[in-house]
Amino acid sequence: MSLTSQSIRNALEIKDPNITFLEDSHIQLIKGKESLVYPASLTYNPDHCANCGFADKIVKYGTQKVRIIAPSAGFRPAYILLKRQRYRCEACLTTFSAHSPYVWQNCQISQPVRQMILSEAMTNISLKDIARRYFVSDKTVQRIVDAEAVIAQIIPSRLFK
């Protein structure tokens with residue numbers, strides 16, 4: 001029995017309509033652990049080139065595979081094997097990839113996992129325990145907490161200027 005794309009989207013808390021699931025999930029060995037892998041693709045038609053601003057000179061330019069850490073429902077890690085569409089601007093000859101609010105650019109941790117790590121970091125749990133629970137390193141947990149602290153300092157100061 002196969003899951004629908006909407007069921008997967010609900011389970012992984014994905015609201016971005018540009019991420020689509022065309023295949024069922026499968027079990028794969030990643031970093032020595034049996035992991036649940038969801039194959040997906042991220043594509044859309046960009047409005048304009050971020051570098052030069054031209055809209056009519058953008059062509060599709062292959063894909064880039066990225067493994068995103070997704071919320072896990074059990075004791076095995078879950079990943080989204082995301083094929084990001086790449087684009088090339090013929091006007092300025094730059095390339096760029098499709099991006100989504102579900103995962104930050106140049107990051108491999110989904111926003112729901114980042115939020116769960118932050119909420120547990122506010123309790124009296126060690127960073128190693130949090131890292132073990134979400135299948136990341138303790139340094140990654142520390143970076144997420146530090147980044148949130150920096151954002152918390154910057155945003156209020158911008159509001160009152």
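Residues are listed down the side, and each one gets a yes or a no for (1) at pLDDT 90 or above; (2) more than 16 Å from the chain's Cα centre (by Cα):
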site: 8; (1), (2): no, no
site: 29; (1), (2): yes, yes
site: 88; (1), (2): yes, yes
site: 109; (1), (2): yes, no
For this session: Kindly check whether there is at least one residue in the stretch 40-50 that is within 25 Å of residue 119 (Cα to Cα), open to solvent by less than 40 Å² (accessible area, probe 1.4 Å) and either without any contact (Cβ under 8 Å) to a residue 60 or more places away in the chain or not hydrophobic (A, V, I, L, M, F, W, C) (or both).
Result: no
Problem set entry | Single match in 29, 22 (criterion: part of a loop (DSSP other than H, G, I, E, B), of a type in the set (A, V, I, L, M) and open to solvent by 90 Å² or more (accessible area, probe 1.4 Å)) | 22
Exercise. Do we have any residue at all in the stretch 32-39 that's within 11 Å of the chain's Cα centre (by Cα), on the phi < 0 side of the Ramachandran plot and buried (at least 19 other Cβ atoms within 10 Å of the Cβ)?
Worked result: no
For this session: From (1) modelled with pLDDT of 90 or more; (2) open to solvent by 30 Å² or more (accessible area, probe 1.4 Å), pick out the condition that doesn't hold for residue 80.
Result: (2)
Problem set entry | Filtered residue count, the stretch 107-141, keeping only those that are farther than 22 Å from residue 16 by Cα and either open to solvent by 70 Å² or more (accessible area, probe 1.4 Å) or of a type in the set (Phe, Trp, Tyr) (or both) | 9
Exercise. Does residue 58 satisfy the condition of being in contact with a Phe, Trp or Tyr (Cβ under 7 Å, 6 or more places away or on another chain) and either within 30 Å of residue 116 (Cβ to Cβ) or exposed (fewer than 14 other Cβ atoms within 10 Å of the Cβ) (or both)?
Worked result: no
For this session: Determine the pairs where a residue that is polar (S, T, N, Q), located within the stretch 7-34, has a partner that is at pLDDT 90 or above and part of a strand (DSSP E or B) with Cβ atoms under 6 Å apart, the partner being 6 or more residues away or on another chain.
Result: 18/42; 20/41; 25/36; 25/38; 28/35; 28/37
Seminar exercise, completed: Given (1) in contact with a strand residue (DSSP E or B) (Cβ under 9 Å, 6 or more places away or on another chain); (2) surrounded by fewer than 14 Cβ atoms within 10 Å (Cβ to Cβ), residue 13 misses just (2)
Problem set entry | Pairs with Cβ under 8 Å, 6+ apart, first in the stretch 54-65 and more than 14 Å from residue 91 (Cβ to Cβ) and touching a residue at least 40 places away in the same chain (Cβ under 8 Å), second assigned to a strand (DSSP E or B) and of a type outside the set (D, E, K, R) | none
Problem set entry | Breaking point among (1) out of contact with any helix residue (DSSP H, G or I) (no Cβ under 9 Å at 6 or more places or on another chain); (2) modelled with pLDDT of 90 or more, for residue 69 | (1)
For this session: State all residues of the stretch 83-97 that are hydrophobic (A, V, I, L, M, F, W, C) and surrounded by fewer than 16 Cβ atoms within 10 Å (Cβ to Cβ); if no residue qualifies, say none.
Result: 91, 92, 93
For this session: Among the residues of the stretch 32-60, write down those that are part of a strand (DSSP E or B) and over 30 Å from residue 77 (Cα atoms).
Result: 58, 59, 60
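The values are calculated or read from the model by the stated rules, or taken from the named source; none is laboratory data. Just so we're clear, the structure is a prediction, and the values are computed from it rather than from any experiment. FYI the Cβ positions are ideal-geometry reconstructions off the backbone, even for glycines, and counts take in every protein chain you see. The accessibility values were calculated without ligands, DNA or RNA, using every heavy atom of the protein model including side chains. Shrake-Rupley method; radii C 1.70, N 1.55, O 1.52, S 1.80 Å.
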